[in-house]
Amino acid sequence: MFDKMIYLDNSASTRLDEKVMDAMKPYYFDTYAVATSEFGYSMGIEAKEGLEEARETIASSIGASAEEIVFTSGDTEASNMAIKGVLAALKKKKGEHIVVSKIEDFSVLNTAKNLEKLGYGVDYISVNAEGIVDLDELKSKIRDDTVLVSIQHANQEIGTLQDLDSIAKICKEKDVLFHTDATHSYARVPIDVSKTPVDLISMSAHTIHGPRGVGALYVRKGTPLDKWMDGGFQETNRRGGLENIPGAVGFAKAVELATEKETEFLVSLRDYTIKRVFEEIPHVTLNGCKTQRTPQNANITFHYVEGESMTLHLDMRGFAVSTGSACFSRSLEASHVILGIGGDHERAHGSIRFTFGRYNSMEDVDAVVEAIKEIVSQLRAISPLFNK
């Protein structure tokens, strides 16, 4: 069944590239020791070298130095480490207040909400109809006791890209640290920390055809960050726990394989999808920014139909997509992102996210659009909301 599935949910997770698996295998079956220093045994030294080479690859991809990269179990841990680590380091020196956007992914949003329950100060910044953060509101929300601003680089649902340079400039002027979740832009949209003064960046391998369960946090040299998870002294005593060396090596290989040419191809798939849908299906709305958008994302609301119905019909026809409908949410709430950009529940319920990856093709787009045309026509024919 799944061999025939056309997978168009690559922002949730991607298929592992065989070359990534080949890079990881030796660290499972040959060099499987824990990482040890030059004073350890040879297999441990070799494992350490593999880990540090991977660290160097991740660092160089954003213009950082190797010692500024901390490997994590993924983007969720990386964002938790950034926010909680900074608060722990600065709450006595400066304050206990942070600022985040209203459309952050749950790794940031739910961390902020939980911190609020614990008595920390949190302000939530609005976005406009395209999902762009209100910079004037950001300036007004930063207080004397603000220690951190956390605003994502790319939105997980609608693909909108934020202007990191402008946000970083404001944070620099206000003397607060700036963290960005780059899970859905990393290795696709360039970030150069030598030019953009971001202090902390969350990254993950699972969105770029790398292994699941491994990510990284960039920590600019000199950034105050307390260790938030107790354990051993790994990652220069910034994260306790045995290093996932195969995962780190696979992450680095995935980064090497994510080329500019491939990114351009993803853009072509995205734009072709949007073009065909808008030319051939009436009553549709593009969610997110038309220009400041991740290469792989096309999020479209099909009005007068339910997203969960479309998703199930598409699944039966061999297509995997995601929806912002409450019925497909574990929280049973409509997409906070669609609501955050001013959409109503009807718009959220009818939204479908197409996200493309290395193994998709133009033929996949043609096939899914033809299927959607038929499905939408059928569902609208029985919808009491559609004016036939």
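The values are calculated or read from the model by the stated rules, or taken from the named source; none is laboratory data. The structure presented is a predicted model; accordingly, all values stated were derived computationally and were not measured. Don't worry about glycine lacking a Cβ; one is built from the backbone with ideal geometry, like all the others, and counts go over all protein chains shown. Accessible surface is based on the protein model in full, side chains and every heavy atom, while ligands, DNA and RNA are left aside. Shrake-Rupley method; radii C 1.70, N 1.55, O 1.52, S 1.80 Å.
Restricting the search to helices (runs of 4 or more DSSP H) fully inside region 189-280 and requiring at least 1 residues that are of a type in the set (Ser, Thr, Tyr) and open to solvent by 10 Å² or more (accessible area, probe 1.4 Å) gives 234-237, 260-280.
Restricting region 140-176 to residues that are aliphatic (A, V, I, L, M), assigned to a strand (DSSP E or B) and touching an Asp or Glu at 6+ places or on another chain (Cβ under 9 Å) leaves a set whose member that is surrounded by the most Cβ atoms within 10 Å (Cβ to Cβ) is Ala154. Checked against the criterion of being in contact with a helix residue (DSSP H, G or I) (Cβ under 8 Å, 6 or more places away or on another chain) and either of a type outside the set (Gly, Ala, Ser) or in a loop (DSSP other than H, G, I, E, B) (or both), the candidates Asn80, Asn110 yield just one match: Asn80.
Looking at Thr57, is it part of a helix (DSSP H, G or I) and closer than 30 Å to Asn128 by Cβ? In short, no.
The single condition among (1) assigned to a helix (DSSP H, G or I); (2) hydroxyl-bearing (Ser, Thr, Tyr); (3) not assigned by TED's automatic domain parsing to the domain that holds Val122 that Ser13 does not meet is (1).
Is at least one residue of region 50-59 over 23 Å from Val127 (Cβ atoms), open to solvent by 30 Å² or more (accessible area, probe 1.4 Å) and under 15 Å from the mean Cα position of the chain (by Cα)? Within region 50-59, not a single residue is over 23 Å from Val127 (Cβ atoms), open to solvent by 30 Å² or more (accessible area, probe 1.4 Å) and under 15 Å from the mean Cα position of the chain (by Cα). Applying a threshold of 6 Å to beta carbon distances and a minimum spacing of six or more residues, or different chains, the list of pairs starting in region 369-385 at a residue that is among the hydrophobic types (A, V, I, L, M, F, W, C) and ending at one that is assigned to a helix (DSSP H, G or I) reads Val369/Arg276; Ile375/Met310; Ile375/His313; Leu379/Ser309.
When we screen Ser79, Ser101 for residues that are assigned by TED's automatic domain parsing to the domain that holds Ile191, within 24 Å of Asn244 (Cα to Cα) and within 16 Å of the chain's Cα centre (by Cα), the only hit is Ser79. Of all the residues in region 333-356, those that are over 22 Å from the mean Cα position of the chain (by Cα) and within 25 Å of Val267 (Cα to Cα) number 2. Within region 343-373, being surrounded by fewer than 19 Cβ atoms within 10 Å (Cβ to Cβ), at pLDDT 95 or above and not aliphatic (A, V, I, L, M) holds for Arg358, Tyr359, Ser361, Glu363, Asp364, Asp366, Glu370, Lys373. Residues that are crowded, with 20+ Cβ neighbours inside 10 Å, closer than 16 Å to Ala248 by Cα and hydroxyl-bearing (Ser, Thr, Tyr) occur at least once in region 62-75. For region 82-132, a residue qualifies if it is of a type in the set (Asp, Glu) and open to solvent by less than 10 Å² (accessible area, probe 1.4 Å), and exactly one does: Glu104.
For region 283-295, check the following and say yes or no: at least one residue is surrounded by 19 or more Cβ atoms within 10 Å (Cβ to Cβ), in the same structural domain as Ser65 (by TED's automatic domain parsing) and in a loop (DSSP other than H, G, I, E, B). No, every residue in region 283-295 fails to be surrounded by 19 or more Cβ atoms within 10 Å (Cβ to Cβ), in the same structural domain as Ser65 (by TED's automatic domain parsing) and in a loop (DSSP other than H, G, I, E, B).
Where helices (runs of 4 or more DSSP H) fall entirely within region 328-388, those with at least 1 residues that are closer than 23 Å to Arg276 by Cβ and of a type in the set (Ser, Thr, Tyr) are at 362-381.
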